[in-house]
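One structure is given below, encoded as structure tokens.
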Amino acid sequence: MSTEQQPPATQPLAKTEPKAEPNVLAASLTTGWEKFKQGELVSYRVMALVLVVTAAIGVTYYILHSNSKVESAKWVEWDSLGTIASMEEYAKKNPNTIQGRLATLDVARIQLGQDGIDRFAAPDQDVRKKAVESVEKARESFTKLVDEFKDDPLLKTQCLLGCAKAEAALVGMTKEGQQDQFRGDPKKAVEWLDKVAESAPDTDWGKDSKKLADELRNLNTQDQVIKLQTSAYNIPAPTLPGLDPKMPRDPIHGGLPGTAP
């Protein structure tokens, strides 16, 4: 057979891959995202609003989370304070905070009791002089704290009682170089006792304060001095519950230094 008469060589069939079915979900998401970017799915105004709200939520969470850490650190530092100097320094670093006010309250309690009334009977004249000055400082601090704790009836009552005790302790204490003038005023002491009774009328220490105030109103000045000097050691301080379950300790437990709990 001649070459011209031979049949053409058989060509191998090309291998064809099966056509993949389109992914409906992927296509839908891609189309939706493109429309979203172009402002076709949601208007640019709504997109901007969503972004602003999302950012606000994120910032708010960050601030609250950060503030929580800061507050915890403040409580931890406050709980570690052990000296008047450290408490005073802490109060200066943290003004207008509950921790700073509590540090000032702790200082006032120490000045009134441990460094004040408890040393009135010391044999050393210089020690007694410093004790009197310490009670005067406590009276000044308690007076300021009454207003600062005006929204907290428990701590406000504690400060009112501190004012009453400080004023009572200073009645009969003459000013330096002025033998006819006293550091404490019986009438002022009665006013503080009335405020304690008004602040906590249904408590034993509120009732005791009212009773003592009524008695002092009917006494002459000399008897008031004697009565107040005695009562300064015996006015019961309230045992108040803790301020917050998250607080590391209860700064109020045990009342004022130098008094019965």
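The values are calculated or read from the model by the stated rules, or taken from the named source; none is laboratory data. Everything numeric in this text was worked out from a predicted model, so none of it was measured. Please note: Cβ atoms are built from the backbone with ideal geometry, for glycine as well, and neighbour counts cover all protein chains shown.
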Handout entry: From ALA164, ALA103, residue being closer than 21 Å to PRO186 by Cβ and in contact (Cβ under 8 Å) with a residue 24 or more places away in the chain
Key = ALA164
Handout entry: Residue satisfying all of: in the stretch 57-85; closer than 21 Å to VAL135 by Cα and surrounded by fewer than 15 Cβ atoms within 10 Å (Cβ to Cβ); modelled with the lowest pLDDT among these
Key = GLY82
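The rows are residues; the columns are (1) crowded, with 19+ Cβ neighbours inside 10 Å; (2) free of Cβ contacts under 8 Å to residues at least 24 places away in the same chain; (3) of a type outside the set (Ser, Thr, Tyr).
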{"residue": "MET87", "(1), (2), (3)": "yes, yes, yes"}
{"residue": "ASN94", "(1), (2), (3)": "no, yes, yes"}
{"residue": "GLY113", "(1), (2), (3)": "yes, no, yes"}
{"residue": "GLU148", "(1), (2), (3)": "no, no, yes"}
{"residue": "PRO153", "(1), (2), (3)": "no, no, yes"}
{"residue": "GLN158", "(1), (2), (3)": "yes, no, yes"}
{"residue": "LEU170", "(1), (2), (3)": "yes, no, yes"}
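Listed here are the residues, each with its yes/no results for (1) assigned to a helix (DSSP H, G or I); (2) within 30 Å of the chain's Cα centre (by Cα); (3) under 19 Å from LYS150 (Cα atoms).
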position: GLY172; (1), (2), (3): no, no, no
position: GLU198; (1), (2), (3): yes, yes, yes
position: GLY206; (1), (2), (3): yes, yes, yes
position: LEU212; (1), (2), (3): yes, no, no
Problem - Residue check, ALA237 closer than 22 Å to ALA108 by Cβ, at pLDDT below 55 and in contact with a Ser or Thr (Cβ under 6 Å, 6 or more places away or on another chain) - result: yes
Practice task
Given the conditions (1) of a type in the set (Asp, Glu); (2) closer than 30 Å to LEU212 by Cα; (3) not assigned by TED's automatic domain parsing to the domain that holds VAL190, report the number of the one that GLU71 does not fulfil.
Solution key: (2)
